[in-house]
Amino acid sequence: MSQENVIEIKNLSKIYRDFWGRPKVQALKSLSLDVHKGEVFGLLGPNGSGKTTTMKLLLGLLFPSSGEISVLGKPAVDVDKNEKIGYLPEESYLYRFLNADETLDFYGRLFNMSKAQRVERSNQLIESVGLQHARRRQLKEYSKGMTRRIGLAQALINNPDLVLLDEPTSGLDPLGTKDMKDLILKLKDEGKTVVMCSHLLADVEDVCDRIAILYQGELKTLGRVDQLLESHEETNIRTSQLSPEAIKDVEAALAKHNASVKRVDHPRTTLEELFLKTVEESQARPGQRYVPPEQGAEAKTTEQPVASK
């Protein structure tokens with residue numbers, strides 16, 4: 001994973017307004033984070049936390065109210081950068097009367113790919129997502145899981161550098177979910193950057209390098225999954241196999257029984273527990289916000305004033 005940033009977000013805010021231009025909902029509040037090249041980044045949060053708004057801002061489908069956002073070295077509003085982006089929305093809106101080959105051929109034409117390129121890329125992707133047996137069937141006959149698979153293939157038709165996935169495992173059975181996660185890790189191995197939103201925290205834990213947890217438009221937690229899930233309230237010591245007598249005396253003297261310490265570390269929590277803890281703390285302490293560190297500095301949280309009602 002490179003430290004080169006594919007996405008840079010600084011003090012990003014988004015306010016939705018009503019017909020008369022009055023502020024209605026503030027979807028994002030001073031959001032700042034970076035996504036590194038070649039990593040799988042998870043964007044988490046309850047419904048209404050700003051995840052979909054962030055995705056649309058990255059694609060240039062929305063304009064920020066304030067702050068800066070750049071994608072692949074260009075402003076997010078520059079539509080030319082979208083040629084290097086693949087996007088799988090939460091609901092795939094595809095032409096129901098086309099089959100898999102026709103669907104991928106159609107989207108390949110939008111990227112001005114030659115016929116030979118479209119055929120080769122379509123064959124690769126249909127095999128990757130496991131739809132060889134249904135490539136000639138119209139999409140209206142597809143199950144939700146199959147529709148999810150062809151939607152991912154459509155998102156990858158242009159061989160993008162950045163892939164945005166909104167609920168990629170939604171509607172998939174356990175085998176399909178495993179295949180999807182394997183494909184995400186394969187994209188990472190190919191050097192691509194993946195940003196994914198998901199409510200299935202176990203899936204995020206399996207594939208993501210770093211995560212950000214949003215709550216009511218504010219960044220609450222940001223960091224590497226392995227570090228965030230490590231509990232520092234206890235310490236684990238793993239040794240070679242001990243006899244019952246040795247276990248009784250282990251606190252006094254491991255060396256006395258010729259036991260070697262294999263590893264000393266901290267026990268891990270689960271991503272679900274971290275997520276729920278973050279939400280509960282956010283509800284108990286509104287206005288607390290995670291502030292990403294400057295270069296060489298430590299991360300910190302800040303308390304924002306809460307307006308009285």
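Bear in mind that the values in this text are calculations on the coordinates, not laboratory data. Just so you know, these numbers come straight off a predicted model, no measurement behind them. For neighbour counting, all protein chains shown are included, and Cβ atoms are generated from backbone atoms with ideal geometry for every residue, glycine included.
Counting lysine pairs in the range 1-134 whose alpha carbons fall under 19 angstrom apart, excluding pairs fewer than 8 residues apart on the same chain, gives 21.
Neighbours of residue 171, meaning other residues whose beta-carbon lies under 14 angstrom from its beta-carbon, give a summed charge of -4 when Lys and Arg score +1 and Asp and Glu score -1. Computed about the Cα centre, the dipole magnitude for the chain is approximately 940 debye when only Lys and Arg (+1) and Asp and Glu (-1) carry charge, each at its Cβ. Of all the options 147, 269, 177, the one that moves most in a Gaussian network model of the chain with Cα springs shorter than 10 angstrom is 269. At an R0 of 35 angstrom, the distance between the Cβ atoms of residue 224 and residue 141 translates into a FRET efficiency of 0.25.
Taking 233, 83, 205 as the candidate residues, the one with maximal mean-square fluctuation in a Gaussian network model of the chain, Cα springs under 10 Å, is 233.
Per-residue Karplus couplings for the range 97-114, computed as 6.51 cos²θ - 1.76 cosθ + 1.60 with θ equal to phi - 60°, are listed in order as 9, 9, 8, 5, 4, 5, 5, 5, 5, 4, 6, x, 5, 5, 9, 6, 7, 6 Hz, Gly and Pro entered as x. Here the spin labels are modelled as points 7 Å beyond Cα on the Cα-Cβ line, and at residue 8 and residue 80 they lie 1.8 nm apart. Residues of the chain were split at every exposed loop site, defined as chymotrypsin sites (Phe, Trp or Tyr not before Pro) in a DSSP loop with at most 11 other C-beta atoms within 10 angstrom, and the longest piece left, sites excluded, is 98-309.
Going 7 Å from the Cα of residue 270 in the Cα-to-Cβ direction, what parts of the range 164-200 have a backbone nitrogen less than 16 Å from that spot? The answer is 199-200, whose backbone nitrogens lie closer than 16 Å to the label point.
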